[in-house]
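What follows is a short report on a single structure.
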């Protein structure tokens with residue numbers, strides 16, 4: 001495991017289960033919410049999952065299972081790859097409460113068994129802040145390409161790189177072309193009080209430009225089918241997220 005991954009694992013195993021309980025509620029409560037309309041839980045990505053019965057889906061960096069469980073309820077065969085045992089604990093309890101099951105593998109994405117999972121998955125699904133945890137995006141894309149079946153599709157949705165240089169108020173905040181690794185907060189740190197936040201370990205992050213992301217997809221031999229941008233929730237005049245649809 002790389003030094004970056006080791007640090008990120010430590011960060012994502014610090015009170016993560018407690019955070020999911022705070023934000024999403026206890027697994028039984030979250031399961032009740034998901035069971036009302038599993039597909040709706042996929043939000044803007046519903047259109048990519050119209051007919052997934054018995055499809056093999058890899059939900060990479062799948063966190064607490066909030067997307068994997070709806071997919072499983074839609075009769076897909078779902079495998080989560082994630083670095084955090086705390087995330088796994090919540091996700092498996094959530095699956096049990098929703099009367100479904102998922103396969104959950106705790107590992108660094110760089111260490112996915114590409115022999116065992118060679119050409120294995122029909123769909124790869126990555127969403128919600130993934131790429132900045134990986135300093136070698138080309139290596140990551142090669143792994144993703146290897147585990148996807150020929151004819152399969154990858155849905156990759158992430159934070160828009162525009163946030164590297166412009167904050168939600170429209171002001172400048174850094175260099176868009178910065179390639180350095182930076183210490184940063186784990187995503188849920190802000191949900192705890194200031195005294196508790198002082199105990200949180202840092203993540204180690206690398207922020208990419210949009211061209212680096214798109215080129216990594218193309219250069220790993222994926223066929224880029226569509227690139228969409230979505231507005232920022234706090235300021236709809238600037239981009240907040242993007243979604244890539246690619247095929248093998």
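Listing 63, 2, 157, 211 from fewest to most neighbouring C-beta atoms within 10 Å gives 211, 2, 157, 63.
With contacts taken as Cα pairs under 8 Å at a separation of at least 6 residues, region 3-247 carries a relative contact order of 19 percent. The label-point distance for residue 228 and residue 179, in a model that sets each label 7 Å from Cα toward Cβ, rounds to 3.2 nm. The relative contact order of region 103-225 comes to 27 percent, based on Cα pairs under 8 Å that sit 6 or more residues apart. The residues 1, 141, when put in order of fewest to most other Cβ atoms within 10 Å, stand as 1, 141. For region 1-53 and region 60-139, what is the centre-to-centre distance using only Cα atoms, to the nearest Å? Between the Cα centres of region 1-53 and region 60-139 lies a distance of 9 Å. Mean silhouette area of region 1-61, derived from the convex hull of its C-alpha atoms and averaged over all directions, reads 6.2 nm². Here the gap between residue 45 and residue 247, fully extended at 0.36 nm per residue and compared with their Cα-Cα distance, gives a gain of 71.1 nm. Here the chain yields Rg over Rh of 0.94, to two decimals, using C-alpha coordinates and the Kirkwood radius.
Mean residue ellipticity, 222 nm, helices only, the chain: the sum of -39500 (n - 2.57) across DSSP H runs of n ≥ 4, divided by residue count and rounded to 500, is -8500 deg cm²/dmol. By its C-alpha gyration tensor, with a ≥ b ≥ c as the square roots of the eigenvalues, how is region 108-225 shaped: rounded for a/c under 1.5, else prolate for a/b larger than b/c, else oblate? It is prolate, given that a/c is not under 1.5 and a/b is the larger ratio. Look at 79, 199 and count the other Cβ atoms within 10 Å of each Cβ; fewest to most, that gives 199, 79.
Values in this text are rule-based calculations from the coordinates and carry no lab data. Source: prediction; values computed, not measured. Cβ atoms come from the backbone with ideal geometry, glycine included; neighbour counts cover every protein chain shown.
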